[in-house]
Structure formats: C-alpha cells, structure tokens
Amino acid sequence: MAIQFSLGYNDPVTTDTQCLIVGVFEQGTLSPAAKQIDQASSGLISGLFESGDLDGKPDSHLLLHSLQGIQAPRVIVIGLGKPGPLKPVAFHRACLTAGKALAGLPVRNASSHLAEIDVQGKDSAWKVRTLALAAAHQAYRYTATVKADDSKVHLESLSISADSEAEPGRVQASAIASGEAVARELADLPPNLCNPQYLAERAQSFADSHDGVSLEVLERTDMEKLGMGALLAVAQGSAAPPKLIVLQWQGAGKAKPYALVGKGVTFDAGGLNLKIHGGIEEMKYDMGGAAGVFGTFIAAVEMRLALNLVCVVPAVENMPDGGAYRPSDVITSMSGKTIEVLNTDAEGRLVLCDALTYTQRFEPQAIVDVATLTGACVTALGKHATGLMSKHDDLAEELLDAGEATLDRAWRLPLWDDYQKQLESGFADFANVGSREAGAITAGCFLSRFTENQRWAHLDIAGTAWASGRKGQASGRPVQLLSQWLLTRSG
Ligand code: BES
Ligand code: MN
Ligand code: ZN
C-alpha cells in the first residue's frame, strides 16, 4: 500500500507518533529537532555522543526506545556527517538510511524532521520530495508471488515537518512513488507471468481506469503489415506472441508529444546465441526499460502534467526454438534498412529500431528510449550511472540535469561517427553488433541509424535498473529521472 505523506510543523517532544526521525551531525552538533529532544530527555543524545555510541557519521543511524520526556516511543537518530548545509547527495543518502531504518520497524506512522535540515541550493519542496521518495522506495516489498505475512505492520503514513511551500514536492512524490513501485513490481515479476501479453494487460487496466489515457496494442499481424521485420525476427523463436504497446496521455491538446520508448524483452535467453556464460536468470529484468517508461507514464498521468506523452513498448521474448532467427540472418527493418544479425543476443536494438521508426508517426518533440541494452554499459559505469547517449546537446543536458536533481543520475557517452564503422557489413546495410570495444556506444550508434532527424536520446539502464546478486531487486530507475524531465518540460 502506498504511504500517505502529510506536511506540517510538528513539535518533536510532544508529537503523538510511533516513531520520530531526527538528524545529528558529527562532533556532537545537533539539528534543532535533535536539540529539542536532547533538552527534553535531560541530555540523552549529547550523552550518547560522549560515550561514543553516536558519531553522526553519514550512513549511520541509531534507534532509541522510550526516551524520558518524549511522547514518541521510538526515535531514529540519523547521521548527517560534517556540520553545515548538506550536499544534495548527502541529504539523499540520509533519507535512504532513514527510510530503511523505518521500513524495518513495526510502525504504522512516523514523523520526520529531516526536511528541516539545510541542503545546499535546495528548497523545501525538493527536500520533502526527496525524503518522501526515499521512504517509499525503502518501503517497497515484492509480494506478488510470496505468501504475505498479514501480521506484519507496515508504514502507512509519514508526517514531514516542513512549510506549506513544500506542498508541490509532496504531491509529486506521491505520483512518482506510485510509478516507481509499478515499475519495480513489473520488473521483479517472473518471466512466466510477466510476458508480453501481461504487459499489455497491465497497460490496458491502467488506461481503463484513467481519463485522458488511451491505449493501442499492435498484434503480430499488425506488425507484419507495417514491415517490422526486426522486432518480429526476435519474437519468432518464442511461443509468446509479441505485442507493441502504445500508451498516450493527452494533457496539452494538440501540442507535439514527448515520446518514451522502452525495451520490453520479458525474458532474454539470448536466442540461438544462448546466454551460456551466466546471468541468464537475471534476464527477467530485460523489460526494465518498458517498466521504466510505464512507471514514468503513471507518474506523469497522476501529476496530470500539461503535456502530451506517448509511450511505446515493443514487448517480446528472446528464445531459441526451432523457428528462432539465426546468426547470419539478414532481416529488413520497418525503416527499410537491412540488418545482418551477427548475434541473436543483441536483440534489444532490433526490437527498439522498429519501435523507434514507428514512434516517428507521432511527430514527437523529443524521443527518449530506455533499455537494459548492453553488458558493456555495466562495465563502463557500474550500477551508479545510467549511460546517456545523444547527438543533441540540449536534450542531453536536460536529461543529465533531471538525473542530478533526483540523484537518479546519468552519465554521457559519446556518439561520434568514429564508432559507426564497427557496424559495417558485407551482406546488409549494417550489422547488429560491432567488435568488443565500446559496446554500449556501438549499440547507441545502431539506434542512431533509426532516429535521423529526430531529437533523440538513448538511456542504457543495464547497470542501474536492478541490484544484482541473489536477492537482486528492481531499482525503479530511471522513473525519477524521466518524471523530473517531463515535470520540468511541462513548465
Ligand atoms: N539484455 C542484454 C544486456 C544486459 C547484459 C543487460 C547484462 C543487463 C546485464 C542484451 O540483450 C545483450 O545480451 N547484450 C549483449 C550484446 C552483445 C551480444 C553485443 C551484451 O551486452 O553482451
Ligand atoms: Mn540479449
Ligand atoms: Zn536483452
């Protein structure tokens, strides 16, 4: 269930809440709220500094119970680092630490004083939004296929001490959090349940329940008529029929839309170039781009953004059955360009190229595609930054700024023509893979051949879309980045 956020000024000493959250700095410097608690509890917090139990270091926290003179039965003390206005990234981390501590407690409501802390260059709306999004992020639990423990108490409401000017931040956080949660759930769902058909059904139920939203789902026969030979080639090795899901939000009359295109490979076995080198079990996340654009769409609709938005999701499964496409096949894309398939595991760019061609019929003012596209991007940037590629400096800047503002950050890689040479082929207009060098960029180069004359950017989220490891979970990225980008565009 979504957390309800509220704003108002709460007295930390007398507030009736199940858990208070306050910050402290290093060297025993207390935030105003922590100081009030310290005074009301006869110096308990400063005593903990003296005894060394508390150091105020970043990423640290301490849970205190039943403080004398304090109404709330629990107080979480969050370490903020060196005294003074925080860097945005430090505030963000403190909020994530607080959210995580809170999510582990048996409390239904809580009251946070973290948004009272000064953050360099940020207003209270930003602080409230960051705090609320962090709390929602940490409260997320995947439950679709696990037995729920009904006795478990969850956070239902969070009261945030802040002035009423922060109200837009609160509203935005609720919308973006709900989009992020759907994105994470879709990506976390196993591929036997979350297949192309399922993605189309989820889009349908969202469209049915929201005014201003329309949906069209193109079937295999529709795609055949359009000549989507690249998308269809990927789909032909799977028993699951492909879907091209097109969601539209009309928030600004006849204005040209923004377009988001998300890779929706619901499972990437690699095709005949089967993934034999490990990691195949993580490939349910290969629809992370689709999840990200769908989550952003939900956030945009819930914020009722004054712009038009179209989301296009090519949804397929990449499997190796007897009908599968082969390495060395030459296929014809919707654009008419022919492609030599040198590796069936480079399928993302094949489904995206036809989706990108299709998207141009909406005459978008900008197209951003989002895809778990290359292992090479993970090698280059790790799990911290999304790879951003664009030939349009202004669009690239907009997206980098949105990433910085939400700390859902991207980092730009060059799309110079120098790299295009790698895609040369003797049997088609070009090949679907280059050499081992600069794999994230050559994938971007491939897509650039289908977006000529478009204001287009590509986000490679292979590293950022989920946490790896046994308990890896979808991160919900880049829902925050894209929601912020659209929010800024909507003025
Ligand atoms: N879905 C993968 C990319 C991927 C790899 C995402 C690891 C997340 C983690 C993509 O379809 C793929 O297989 N890419 C190949 C491209 C190669 C064959 C040129 C890759 O990155 O190895
Ligand atoms: Mn692949
Ligand atoms: Zn893939």
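The values are calculated or read from the model by the stated rules, or taken from the named source; none is laboratory data. These numbers were taken from a predicted model, which means no experiment stands behind them. With ideal geometry, Cβ positions are generated from the backbone for all residues, glycine too; neighbour counts draw on all protein chains shown. Side chains are part of the model used for accessible areas, which takes the heavy atoms of the whole protein and leaves out ligands, DNA and RNA. Shrake-Rupley method; radii C 1.70, N 1.55, O 1.52, S 1.80 Å.
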ASP123/VAL89 FRET efficiency (R0 22 Å; Cβ-Cβ; nearest 0.05): 0.85
Cα-Cα over 22 Å, subset of LYS263/LYS391; LYS87/LYS391; LYS225/LYS256; LYS82/LYS471; LYS35/LYS127; LYS275/LYS421: LYS87/LYS391; LYS225/LYS256; LYS82/LYS471; LYS275/LYS421
Whole-percent carbon and sulfur share, accessible surface of the chain, 1.4 Å: 50 percent
Rounded to 10°, Cα long-axis angle of helix 124-139 versus longest principal axis of the chain: 70 degrees
Using a Förster distance of 41 Å, the FRET efficiency for THR221-ARG436 (Cβ separation, nearest 0.05): 0.60
Pairwise label distance in nanometres, ALA252 with SER328, each label 7 Å out on the Cα-Cβ vector: 5.1 nm
Residue list for region 274-309, given a label point 7 angstrom along the Cα-to-Cβ vector of ARG489 and an amide N cut-off under 13 Å: 293, 296-297, 300-301, 305-309
Charge dipole of region 4-162 about the Cα centre (unit charges at C-beta), most positive-ward option of HIS61, LEU155, PRO83: LEU155
Relative contact order (percent, whole number), region 4-162, Cα cutoff 8 Å, 6+ residue spacing: 31 percent
Under-5 Å amide H pairs with PHE267, H placed in peptide plane, nonlocal only: ASN318
Selection from LEU226, THR17, GLN454 lying farthest towards where the dipole of the chain points positive, charges on Cβ: THR17
Radius 12 Å from Cβ of LEU215, net charge of other residues (Lys, Arg +1; Asp, Glu -1): -1
Shape parameters for region 21-71, alpha-carbon atoms, Rg then Dmax in Å: 10.0, 27
Computed lengthening from SER66 to ASP393, 0.36 nm per intervening residue step minus Cα-Cα distance: 112.2 nm
Calculated [θ] (222 nm, deg cm²/dmol) that DSSP helices of n ≥ 4 give over the chain, each run adding -39,500 (n - 2.57): -10500 deg cm²/dmol
Computed Kirkwood radius, in angstrom, where 1/r is averaged over Cα pairs of the chain: 23.5 Å
Cα-projected label distance for ASP59 with ASP321, points at 7 Å along beta-carbon direction, nm: 4.7 nm
Hz values of 3J(HN,Hα) by residue in region 102-111 - Karplus curve (6.51, -1.76, 1.60), Gly and Pro given as x: 5, 5, x, 9, x, 10, 9, 9, 8, 9
Extended-chain gain in nm, criterion 0.36 nm per residue less alpha-carbon gap, SER425 and ASP163: 88.2 nm
Length-normalised contact order for region 237-286 - Cα pairs under 8 Å, 6+ apart - percent: 36 percent
Packing-based order for 140-150, 323-333, using average beta carbon neighbours within 10 Å, highest first: 323-333, 140-150
Region 433-444 - phi-based ³J(HN,Hα) in whole Hz, Karplus 6.51/-1.76/1.60, Gly and Pro as x: 9, x, 7, 6, 6, 6, x, 5, 6, 5, 5, x
Cut-off 20 Å (backbone N to label point 7 Å along Cα→Cβ of GLN4), residues of region 163-180: 163-164, 166-179
C-alpha long axis of helix 348-359 to longest principal axis of the chain, angle in °: 90 degrees
3J(HN,Hα) from dihedral phi, region 473-482, Karplus parametrisation 6.51/-1.76/1.60, rounded to Hz, x for glycine, proline: 9, 5, 8, x, 6, x, 4, 5, 4, 5
Relative compactness, region 216-289, computed as alpha-carbon Rg over 2.2 N^0.38 Å: 1.37
Share antiparallel - DSSP beta bridges, the chain, percent rounded to 5: 40 percent
C-alpha center-to-center spacing [region 64-122, region 175-195] in angstrom: 28 Å
More than 28 angstrom apart: percent of Cα pairs within region 4-162: 16 percent
Square roots of five times the Cα gyration tensor eigenvalues for region 376-451, Å: 26, 14, 8
Using distinct alpha-carbon pairs, which all enter the 1/r mean, Kirkwood radius of region 125-284 in Å: 19.0 Å
The chain: relative contact order as a whole-number percent, Cα under 8 Å and 6+ apart: 14 percent
Estimated distance in nm for a label pair at SER209 and ILE276, the labels positioned 7 Å out from Cα along Cα-to-Cβ: 4.6 nm
Protection proxy ranking of 251-259, 388-396 - average other beta-carbon atoms within 10 Å, highest first: 388-396, 251-259
